[in-house]
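Here is the structure we will look at, set down as structure tokens.
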Amino acid sequence: MKRILFGAALVAWLVGGSLYTVDAREVAVVTLFGKPMTKVMEPGLRIRAPWPIHQVVRFDSRSHLLSVKPAEVLTKDKKNLVVEAFVLWKVADPERFLEAVGSADVAETQLSDLVVSRIAAGLGRKNFQDLMSVEGQGNAMLPTELVQEVSEVGLDRLGVEVLDVRLRHVGLPLQNEQSIYARMRAERSRIANAYRSEGQERAVVIRAEADRQAAEIIAGAEKQAAEIRAVAEGNAARIYAAAYAKDPEFYRFMRRLEAYEQMLDEDTTLVVQSDGALFGALQGEVR
């Protein structure tokens, strides 16, 4: 009976130890006494030799996001930049991954160094001013072939596929930041002063032209007013002459009244001789 139970337990151990599963989110490597033998890329139920002959090492096959620590790089004209990047990667060759790094932490350390070196090489071929004038997102600073190059090296050395490399931040070193900002402000101030000077010159020209046109308009208006005034005075003189010719006495009387009207108001006090012409006019006598 004991032999039967022992045999059943042995069979159960052998069967249980020979079956293993790989999840859809995993890839695996089957090792023979610790040496990689077979890589498993598809999920499902599989058979192996019992431990310790065969051992299954599993890795997460999903994409991983790696935030690369800030690194200082040099541009072509020897200007310093601080860049922060992030990398999207996944295990593509579990057998190579197991042999080269063995864990995600070690893989990310080596992958960070690889990405920083490639970014430094790419930015080192460009001048600082060219990088600062790039329109749109900062990722336009990176060479278009960088992702492919990093992925090829990562697959060959680490067994990982690099899906994307992006710049999170591009800045200046703290020790250079203030001096560079001061130079940038001075340059912007110089440009602004040039615009102001040009604007003031144009304003002087426009103002002089406006003054000239205003003087011409005023002179023309005064000339026209003088002509109109001369015509009016001539017409008035003719009217006065015609009125005087019809009745000289009445004309002189009306002109005298007009003169009195202009000289006198409600607050005027007159002292006149009783036999004077003005007294007689005020009394209604015409002389």
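The values are calculated or read from the model by the stated rules, or taken from the named source; none is laboratory data. The structure displayed is predicted, hence computed values, not measured ones. FYI the Cβ positions are ideal-geometry reconstructions off the backbone, even for glycines, and counts take in every protein chain you see.
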Quiz item: Among the candidates ARG166, ARG196, ARG212, which residue alone is under 60 Å from the mean Cα position of the chain (by Cα), surrounded by 10 or more Cβ atoms within 10 Å (Cβ to Cβ), closer than 30 Å to ILE119 by Cα and basic (Lys, Arg)?
Solution: ARG166
Quiz item: Does ALA221 fit the bill of being surrounded by 10 or more Cβ atoms within 10 Å (Cβ to Cβ) and farther than 21 Å from GLU258 by Cα?
Solution: yes
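Could you say which residue among GLU72, GLU108, GLU95 is surrounded by fewer than 18 Cβ atoms within 10 Å (Cβ to Cβ) and among the acidic types (Asp, Glu)?
Values: GLU108 fails: surrounded by fewer than 18 Cβ atoms within 10 Å (Cβ to Cβ); GLU95 fails: surrounded by fewer than 18 Cβ atoms within 10 Å (Cβ to Cβ).
The unique qualifying residue is GLU72.
Closer than 30 Å to GLY124 by Cβ and touching an Asp or Glu at 6+ places or on another chain (Cβ under 7 Å): does that describe ALA85?
no
Condition (residue is under 25 Å from SER112 (Cα atoms), over 28 Å from the mean Cα position of the chain (by Cα) and of a type in the set (A, V, I, L, M)) applied to the stretch 83-97: is it met by at least one residue?
Initial filter on the stretch 83-97 (under 25 Å from SER112 (Cα atoms)): 83-97.
Those still in the list that are over 28 Å from the mean Cα position of the chain (by Cα) too: 89-97.
The next check asks that each one be of a type in the set (A, V, I, L, M); those that pass are 91-92.
The answer is yes, given that some residue of the stretch 83-97 is under 25 Å from SER112 (Cα atoms), over 28 Å from the mean Cα position of the chain (by Cα) and of a type in the set (A, V, I, L, M).
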Quiz item: THR38 is checked against (1) assigned by TED's automatic domain parsing to the domain that holds VAL160; (2) in contact with a strand residue (DSSP E or B) (Cβ under 9 Å, 6 or more places away or on another chain) and fails just one. What number does that condition carry?
Solution: (1)
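Take the residues in the stretch 51-66 that are under 17 Å from ALA104 (Cβ atoms) and in contact with a helix residue (DSSP H, G or I) (Cβ under 9 Å, 6 or more places away or on another chain); name whichever of them is surrounded by the fewest Cβ atoms within 10 Å (Cβ to Cβ). Don't jump to the end; show me each part of the working.
We begin by selecting, within the stretch 51-66, every residue under 17 Å from ALA104 (Cβ atoms); these are 57-66.
Now narrow it down to the ones that are in contact with a helix residue (DSSP H, G or I) (Cβ under 9 Å, 6 or more places away or on another chain): 57-61, 64, 66.
Details: VAL57: 18, ARG58: 16, PHE59: 21, ASP60: 13, SER61: 18, HIS64: 16, LEU66: 18.
Applying the filter and picking the extreme gives ASP60.
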Practice problem: Could you name every one of the helices (runs of 4 or more DSSP H) located completely within the stretch 60-159 that has at least 1 residues being over 25 Å from GLU26 (Cα atoms) and not assigned by TED's automatic domain parsing to the domain that holds MET41? | Solution: 104-123, 128-132, 146-157
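Look through the stretch 168-208, keep the residues that are closer than 30 Å to ALA85 by Cβ and aliphatic (A, V, I, L, M), and return whichever of them is modelled with the highest pLDDT.
So the first thing to find is which residues in the stretch 168-208 are closer than 30 Å to ALA85 by Cβ, and the list is 168-185, 187-188.
Filter once more, so that each one left must be aliphatic (A, V, I, L, M): 170, 172, 174, 180, 182, 184.
Values: VAL170: 84, LEU172: 76, LEU174: 69, ILE180: 69, ALA182: 77, MET184: 78.
So the residue we want is VAL170.
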